[in-house]
Amino acid sequence: MEKITILIADDHKLIRQTWEFVFNSDDRFQVIGQSASGEEAIEASRQLHPAIVIMDINLPGMNGVEATTQIRKYSPGSKIIGVSMHTQPSYAKVIMKNGAMGYVTKSSSREEMFKAVLEVHAGNKYICEEIKNILSDSLLDNETDRNGINSLSQREIENISQIKKGDSSKEIAAQLNLYVKTVEVHRYNILKKLKLKNTAALVNFISSHPELGI
């Protein structure tokens, strides 16, 4: 079986050498080049046309995102996997939007690196488990917010509208024709349902959820 050729682009020599050793220890892979900068990675890709480029995002000079765009132009057959110490999904989104097919963090295991290369080489997109878990947690948090919003009563939403204006419980009571104690109970229930600590947090929550129409 023909080996999958790999170019490694990282500004740390030890990391390049370590990845080269790791990949070359498996018969399915062959590292055919190393680059310490984005410019070097572009030139090496143009000359060698590797099947896979392992691209560090934070390269000196031209960064990995910019280099990815150029490599896609000069070596369109090369598929790129972004690599970074950053676990924010936004990093994966940026480099994949610019042509990369995969993203792994530097804390990914050897097995996951192999899996990423195989998947991307097969034409599939790949995001490492660490990033997937962060995305899943974020979606669950958003769902929790949604459930909290859906549990609000119309009267509570009316109270939120007045709270956003900075009205006191006494002022809200007068405007909504309620007892002050009733308004305070509504405020308590609103914070509890939305899992918020105080009125300032509630105001921030309202600002980040325009769908409330408040």
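Overview of results
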| item | result |
| --- | --- |
| Positions within segment 76-97 being more than 15 Å from Ile8 (Cα to Cα) and in contact with a Lys or Arg (Cβ under 8 Å, 6 or more places away or on another chain), in sequence order | Met85, Met96 |
| Qualifying residue in segment 35-53 (condition: in a strand (DSSP E or B), among the polar types (S, T, N, Q) and at negative phi) | yes |
| Members of segment 167-198 that are modelled with pLDDT under 80 and farther than 18 Å from Ser153 by Cα | Lys197 |
| So Ile95, is it touching a Gly at 6+ places or on another chain (Cβ under 7 Å) and assigned to a strand (DSSP E or B) | no |
| Residue selected from segment 26-42 under the condition among the polar types (S, T, N, Q) and under 19 Å from Asp11 (Cα atoms), by the criterion surrounded by the most Cβ atoms within 10 Å (Cβ to Cβ) | Ser35 |
| Selection count, segment 5-17, where residues are surrounded by fewer than 19 Cβ atoms within 10 Å (Cβ to Cβ) and assigned to a loop (DSSP other than H, G, I, E, B) | 2 |
| Test: Lys93 is more than 18 Å from the chain's Cα centre (by Cα), of a type outside the set (A, V, I, L, M, F, W, C) and within 15 Å of Ile127 (Cα to Cα) | no |
| Among the candidates Glu20, Glu2, residue that is of a type outside the set (Ser, Thr, Tyr), open to solvent by 30 Å² or more (accessible area, probe 1.4 Å) and assigned to a helix (DSSP H, G or I) | Glu20 |
| Matching residues, segment 98-153, being of a type in the set (A, V, I, L, M), exposed (fewer than 12 other Cβ atoms within 10 Å of the Cβ) and either assigned to a helix (DSSP H, G or I) or modelled with pLDDT under 85 (or both) | Leu139, Leu140 |
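For every residue, the table says whether it meets (1) among the β-branched types (Val, Ile, Thr); (2) crowded, with 19+ Cβ neighbours inside 10 Å; (3) closer than 19 Å to Val104 by Cβ.
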| residue | (1), (2), (3) |
| --- | --- |
| Ala44 | no, yes, no |
| Pro50 | no, yes, yes |
| Ile57 | yes, yes, yes |
| Asn63 | no, no, yes |
| Thr68 | yes, yes, yes |
| Ile71 | yes, yes, yes |
| Ser75 | no, yes, no |
| Ile80 | yes, yes, yes |
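The values are calculated or read from the model by the stated rules, or taken from the named source; none is laboratory data. Computed from a prediction, not measured in an experiment: that's the story for all the values here. With ideal geometry, Cβ positions are generated from the backbone for all residues, glycine too; neighbour counts draw on all protein chains shown. For accessibility, only protein heavy atoms count, side chains too; no ligands or nucleic acids. Shrake-Rupley method; radii C 1.70, N 1.55, O 1.52, S 1.80 Å.
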